[in-house]
1. Considering each of 360, 263 in turn, give the residue that is under 25 Å from residue 226 (Cα atoms), free of Cβ contacts under 8 Å to residues at least 24 places away in the same chain, touching a helix residue (DSSP H, G or I) at 6+ places or on another chain (Cβ under 6 Å) and part of a loop (DSSP other than H, G, I, E, B).
2. Within the set of pairs 6+ apart or on separate chains, which have a first residue in segment 103-123 that is under 17 Å from residue 167 (Cα atoms), a second that is at pLDDT below 75 and assigned to a helix (DSSP H, G or I), and C-beta atoms under 8 Å apart?
3. Filter segment 511-533 for residues that are part of a strand (DSSP E or B) and buried (at least 16 other Cβ atoms within 10 Å of the Cβ) and give the result.
4. Residue check: is residue 79 under 28 Å from residue 401 (Cβ atoms) and more than 22 Å from the chain's Cα centre (by Cα)?
5. Tell me which residues, restricted to segment 442-453, are within 20 Å of the chain's Cα centre (by Cα) and buried (at least 16 other Cβ atoms within 10 Å of the Cβ).
6. If you take the residues of segment 394-428 that are modelled with pLDDT of 90 or more and in contact with a helix residue (DSSP H, G or I) (Cβ under 6 Å, 6 or more places away or on another chain), which of them is farthest from residue 504 (Cα to Cα)?
7. Within segment 56-64, does at least one residue satisfy the condition of being at pLDDT 75 or above and at positive phi?
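The values are calculated or read from the model by the stated rules, or taken from the named source; none is laboratory data. For clarity, every value in this text was computed on a predicted model and none was experimentally measured. Here the Cβ positions follow ideal geometry from the backbone for every residue, glycine too, while neighbour counts run over all protein chains shown.
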């Protein structure tokens, strides 16, 4: 049956209010997940029609059935959500996955105006049943359902709540705007009596210990640090995965306080400037990666845990939405808009390379329009964005990142000379090609890079673990490729480990063999072309092909040396 006809049947059977909850719809009826003409439809269409959306992305990253993924690729451009739904093997589950990916990938714009104010109101921890029922004037059932089902990432999700209809949405929007709610979740201001503290710097660097969060007192009164908590929302969680108190003592107005994972570690992990700026070590909550969101909250009882009645003071990212890929990985975000709440960090922060730590421990600026040319090793979008004499190299063409890295192209003495495992290159150079041919050529050090880190992720029984890294800032094609893996599994001979490059080529590194050690290392010599793009999304897949045991991938590192084609 045509879905629009089916929708009419639902409306005729149940009326307009109260709305039938899709989860409780009688068998044989279908409530459309995405309305025609909605921002959600536009976002999903933008995703599936994007040239950067490949079969691998739909199959592996989005998690569609392979037949659905290929069908979408074959039939695009698709003009409506009905055309998407008509593709074989695309059903409600596939649409739900596409919608979630479109939201986290920025294909659906953040709500503005009345929508943002409404979402800020219903997601506010201080918004309780009584306020919604009495003050806003909602149906009691709508009020309770909103409390039970929040947080909401979009107005469409709120609109889908049972007993929430047009009238309820109007009441919520009117109340939210009248009481100062706005795009940041409170109009960008702090309520009287609450501390004004914001995340003024976010550092997510290479290795295990280069993690730091700087906190700024944006108010006029001292803040007791014991009364402020920090919470990390990991991966697809929507509430605090880990939380802690930010410190002890008092933070003066206009002052900053820096927390980090540890002051000790290995060489450059943490970097010396990071350790020097750190005021307080916090373990679990600073184990964040490039897609984990952070919140500061008023820890009224000082227990270091986010209770439902404790107000959110600031946020880095939207806690309810896991972002596309790892947009904040191996980078440094510096606050330039001091109003609280940053569900989209790119609007209130400037972005810097992971080693740019000169401002850590210094009060943030107040002007986001101040820009400077990128220095060597910093992110760039074009040659013009780099300092004089530098070039912007290594921008991926597969849509995984818009950024390259500023590089000094000046020839280095010894560049182009022969080398091998026992005959190293001069300073600033690295031997390219020795793992393939026994000997190689000395290339500039910037043509090599290392990606990955600690994971602790489960390998599902008879399933697959997948981890992606975005390689950028290299030359054009790979030469030497090395994979380092720490796998904890009682029967490693059950596993197959495969590496995929950005172009779809793959290399099976271990295939149900006893040669897969707990700490394993493999030089990739076959399966992956040395004449195709090196910059872009690489994927490691660990498959458990036998039932009975599970394990974990504790760490994964990918080391690549590149060259010009």
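1. Answer to the check: 263.
2. From segment 103-123, the pairs are 114/177; 117/177.
3. In the first step, residues of segment 511-533 are kept if they are part of a strand (DSSP E or B); the result is 511, 519-523.
Passing the criteria: 520, 522.
4. Values: under 28 Å from residue 401 (Cβ atoms): no; more than 22 Å from the chain's Cα centre (by Cα): yes.
No.
5. Step one: filter segment 442-453 for residues within 20 Å of the chain's Cα centre (by Cα), giving 450-453.
Those that are within 20 Å of the chain's Cα centre (by Cα) and buried (at least 16 other Cβ atoms within 10 Å of the Cβ): 451, 452, 453.
6. That would be 428.
7. Scanning segment 56-64 turns up at least one residue that is at pLDDT 75 or above and at positive phi.
A quick yes/no check of all residues on (1) closer than 29 Å to residue 51 by Cβ; (2) in contact with a helix residue (DSSP H, G or I) (Cβ under 7 Å, 6 or more places away or on another chain):
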residue: 471; (1), (2): yes, no
residue: 485; (1), (2): no, no
residue: 490; (1), (2): no, no
residue: 513; (1), (2): no, yes
residue: 520; (1), (2): no, no
residue: 532; (1), (2): yes, no
residue: 550; (1), (2): no, no
residue: 556; (1), (2): yes, no
